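Below is one structure; the comments refer to it alone.
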Amino acid sequence: MTMTSSWTAVCAAANIPEFSGAAALIDGQQVAVFHAGDGWYALSNWDPCSGAAVLSRGIVGDAGGEPVVASPVYKERFSLRTGACLDAEGVSVPVYPVRVRDGVIEVGSP
């Protein structure tokens, strides 16, 4: 588990169905929280390829064993583990620690 200075409750885990995401505002930053088949992930909601805050509405899936979200704009895939774009070299988004406590999704602030 990553050490963080604080955790912010986002919503009940039951509110985000498997293989989907939701947006939240954490410390003034738009964060996308995802429920993938193997767990929970959080990364920036900002799609650097389109310039829009839309990643939370992307398609959640798998690319060769790597959990990913495909941007709803141009379909670039971002690793949910690392934030790296699989389709544009050198492009990435920030990732955030995420956990579920007592049925509530919490995102950590670095």
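The values are calculated or read from the model by the stated rules, or taken from the named source; none is laboratory data. Here the structure is a predicted model, which means the values were calculated and not measured. Cβ coordinates were reconstructed from backbone atoms using ideal geometry, including for glycine residues, and neighbour counts include every protein chain displayed. Surface areas here come from the heavy atoms of the whole protein model, side chains and all, with no ligands, DNA or RNA. Shrake-Rupley method; radii C 1.70, N 1.55, O 1.52, S 1.80 Å.
Remarks
- When 62, 38, 47 are checked against the criterion of being charged (D, E, K, R), touching a residue at least 24 places away in the same chain (Cβ under 8 Å) and open to solvent by less than 60 Å² (accessible area, probe 1.4 Å), a single residue qualifies: 47.
- Residue under evaluation residue 79, criteria (1) crowded, with 20+ Cβ neighbours inside 10 Å; (2) within 10 Å of the chain's Cα centre (by Cα), criterion not met: (1)
- Residues of region 50-59 classified as of a type in the set (A, V, I, L, M, F, W, C), surrounded by fewer than 20 Cβ atoms within 10 Å (Cβ to Cβ) and under 23 Å from residue 14 (Cα atoms), total: 2
- Scan of region 82-110 for residues that are surrounded by fewer than 16 Cβ atoms within 10 Å (Cβ to Cβ), assigned to a strand (DSSP E or B) and charged (D, E, K, R), ordered by number: 101
- Single residue of 68, 10 found to be at pLDDT 95 or above and open to solvent by less than 20 Å² (accessible area, probe 1.4 Å): 68
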